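Okay, structure first, notes after.
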Amino acid sequence: MRTDFVRALERAANLEELSRDELAVLISADEEESAALFDCADMMRSRFMGDEVHLRGIIEFSNICSSNCYYCGLRKGNTALKRYRMSKAEILESARKAAVLGCRTIVLQSGEDRSYPAGLLAEIVAEIKSELDVAITLSVGERPREDYALWREAGADRYLLKHETCDGKLFSELRPGTVLEERLQRLAWLRELGYQVGSGNMVGLPGQTVETLAGDIVLMREMEVEMAGIGPFVPNRQTPLGSCPGGTLELTLKTLAAARLALPRTHLPATTATATIDALGRVKALRCGANVIMPNMTPLKYRASYSIYPGKTGLEDTPEESYAKAVRMVESAGRKVGTGYGHSLRHLEKK
Ligand code: 5AD
Ligand code: SF4
């Protein structure tokens with residue numbers, strides 16, 4: 001093993017703050033070093049987050065998107081995609097089902113459906129909160145501050161807005177018409193409004209380096225995010241990046257493990273994208289620092305249309321099957337299903 005790798009890993013195990021260069025050294029681990037990195041991340045996960053894996057039921061309620069990100073199948077330029085918006089009644093029904101199955105968090109996610117009425121989403125949030133004993137995460141992209149405030153007042157607990165990449169130039173190239181600073185500004189607003197904030201990035205984007213990935217982790221540490229969604233870039237033929245190579249499982253797991261070392265108290269999901277590139281991807285991620293799984297609660301008839309990337313796992317699974325599969329993954333990793341809301345640890349400390 002390289003001496004700088006061993007030194008960085010030791011410093012991480014002693015909870016010392018790693019530099020961006022040290023994180024890059026960890027992420028560039030070879031096979032032998034990776035095994036040590038994964039063990040250390042698993043130990044850190046066990047020490048700070050325990051053995052519980054939180055299951056957050058995700059409802060993909062609209063695939064309409066006004067943005068044109070180069071990597072994503074929901075981009076407005078993808079005219080081949082059949083668009084849908086679930087009705088309020090359908091969303092509430094899916095939320096009830098998720099809660100009955102045992103989800104203590106409901107994630108409401110959509111494309112950047114900017115004409116979706118903010119008031120309607122606020123009503124849905126308020127009704128779910130009054131009827132069901134669940135936390136709510138929203139993930140509906142860039143919206144005006146007033147909308148975020150309205151939804152927070154309606155009872156939303158958390159907001160997920162991935163920064164996608166810390167490289168500002170790459171960000172603007174891949175997300176035409178948008179800039180990283182504005183996205184970070186939005187994350188700051190969400191924080192001010194009292195949300196638990198989630199960010200995250202893709203691994204293996206064209207033009208990205210190991211240093212970029214280390215920078216993603218440093219950025220999330222600076223923002224003190226409560227959740228960090230890290231998953232591989234999966235090329236989608238219906239997008240401009242369709243013929244680029246995708247992110248590998250190895251690089252994704254190394255980035256995830258390095259993130260666990262730098263963000264010991266942050267919730268790290270074993271992402272669906274990880275499952276898409278490897279059948280055992282999520283179980284492997286649970287052994288490299290992850291402590292969250294997001295079973296899909298979207299009604300089957302809409303599943304295939306939420307096609308961010310191809311080969312998305314679980315397209316034929318009913319919500320019941322998605323939940324049961326998640327439970328099996330938790331068990332096969334030797335862990336247990338979380339019984340609480342899975343709020344951020346910092347949030348619980350404040351109470
Ligand atoms: N591969 C992997 N993840 C993707 N996302 C979008 N397109 C892709 C892709 N091709 C992720 C982004 C975004 C979320 C909606 O999905 O991180 O935040
Ligand atoms: Fe729309 Fe989000 Fe996909 Fe970009 S990543 S095209 S904003 S759904």
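The values are calculated or read from the model by the stated rules, or taken from the named source; none is laboratory data. Keep in mind that this is a model prediction, so the values were computed, not measured. Please note: Cβ atoms are built from the backbone with ideal geometry, for glycine as well, and neighbour counts cover all protein chains shown. Accessible surface areas use protein heavy atoms only, side chains included; no ligands, DNA or RNA. Shrake-Rupley method; radii C 1.70, N 1.55, O 1.52, S 1.80 Å.
Going through 199, 172 one at a time, which residue ends up being touching a Leu at 6+ places or on another chain (Cβ under 8 Å) and either crowded, with 21+ Cβ neighbours inside 10 Å or in a strand (DSSP E or B) (or both)?
Values: 172 fails: either crowded, with 21+ Cβ neighbours inside 10 Å or in a strand (DSSP E or B) (or both).
Result: 199 is the single residue among 199, 172 that is touching a Leu at 6+ places or on another chain (Cβ under 8 Å) and either crowded, with 21+ Cβ neighbours inside 10 Å or in a strand (DSSP E or B) (or both).
The residues listed here are 67, 62, 34, 28; of these, the one that is under 27 Å from residue 324 (Cβ atoms) and at pLDDT 95 or above is 62. Reported count of residues in segment 184-206, each being closer than 21 Å to residue 153 by Cβ and β-branched (Val, Ile, Thr), is 1. Scanning segment 78-96 for residues that are among the small types (Gly, Ala, Ser) and surrounded by fewer than 16 Cβ atoms within 10 Å (Cβ to Cβ) yields 80, 87, 89.
With respect to the stated conditions, residue 198 is within 16 Å of ligand 2 (Cβ to nearest atom), farther than 21 Å from residue 29 by Cα, in contact with a strand residue (DSSP E or B) (Cβ under 7 Å, 6 or more places away or on another chain) and of a type outside the set (Val, Ile, Thr). Looking at residue 271, is it over 26 Å from residue 191 (Cα atoms), within 16 Å of ligand 2 (Cβ to nearest atom), open to solvent by less than 30 Å² (accessible area, probe 1.4 Å) and not aromatic (Phe, Trp, Tyr)? Answer is no for this residue. Scan segment 247-255 and give yes if some residue there is in contact with a Cys (Cβ under 7 Å, 6 or more places away or on another chain), part of a loop (DSSP other than H, G, I, E, B) and either within 16 Å of residue 273 (Cα to Cα) or not β-branched (Val, Ile, Thr) (or both), otherwise no. Within segment 247-255, none of the residues are in contact with a Cys (Cβ under 7 Å, 6 or more places away or on another chain), part of a loop (DSSP other than H, G, I, E, B) and either within 16 Å of residue 273 (Cα to Cα) or not β-branched (Val, Ile, Thr) (or both).
Quick one: how many residues across segment 97-131 are assigned to a helix (DSSP H, G or I) and surrounded by 15 or more Cβ atoms within 10 Å (Cβ to Cβ)?
Within segment 97-131, the first condition is being assigned to a helix (DSSP H, G or I), and the residues that meet it are 97-101, 118-131.
Imposing the further condition that a residue be surrounded by 15 or more Cβ atoms within 10 Å (Cβ to Cβ) reduces the set to 97-99, 101, 118, 121-122, 124-129.
Adding up the residues that qualify gives 13.
Mind listing just one residue for me: the one in segment 202-228 that is among the small types (Gly, Ala, Ser) and within 13 Å of ligand 1 (Cβ to nearest atom) and, of those, least open to solvent (accessible area, probe 1.4 Å)? Walk me through how you get there before you give the answer.
We begin by selecting, within segment 202-228, every residue among the small types (Gly, Ala, Ser); these are 204, 207, 214-215, 228.
Remaining after also requiring within 13 Å of ligand 1 (Cβ to nearest atom): 204, 228.
Numbers: 204: 19, 228: 0 Å².
Step by step, filter segment 202-228, then rank; the result is 228.
A quick yes/no check of all residues on (1) within 15 Å of ligand 2 (Cβ to nearest atom); (2) assigned to a helix (DSSP H, G or I):
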site: 186; (1), (2): yes, yes
site: 191; (1), (2): no, yes
site: 194; (1), (2): no, no
site: 213; (1), (2): no, yes
site: 218; (1), (2): no, yes
site: 225; (1), (2): no, no
site: 243; (1), (2): no, no
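When residues in segment 304-335 are screened for being at pLDDT 95 or above, in contact with a strand residue (DSSP E or B) (Cβ under 8 Å, 6 or more places away or on another chain) and closer than 29 Å to residue 84 by Cβ, 7 of them pass. For segment 58-75, what are the residues that are near ligand 1 (Cβ under 10 Å from one of its atoms) and among the aliphatic types (A, V, I, L, M)? 74 - this is the single residue of segment 58-75 that is near ligand 1 (Cβ under 10 Å from one of its atoms) and among the aliphatic types (A, V, I, L, M).
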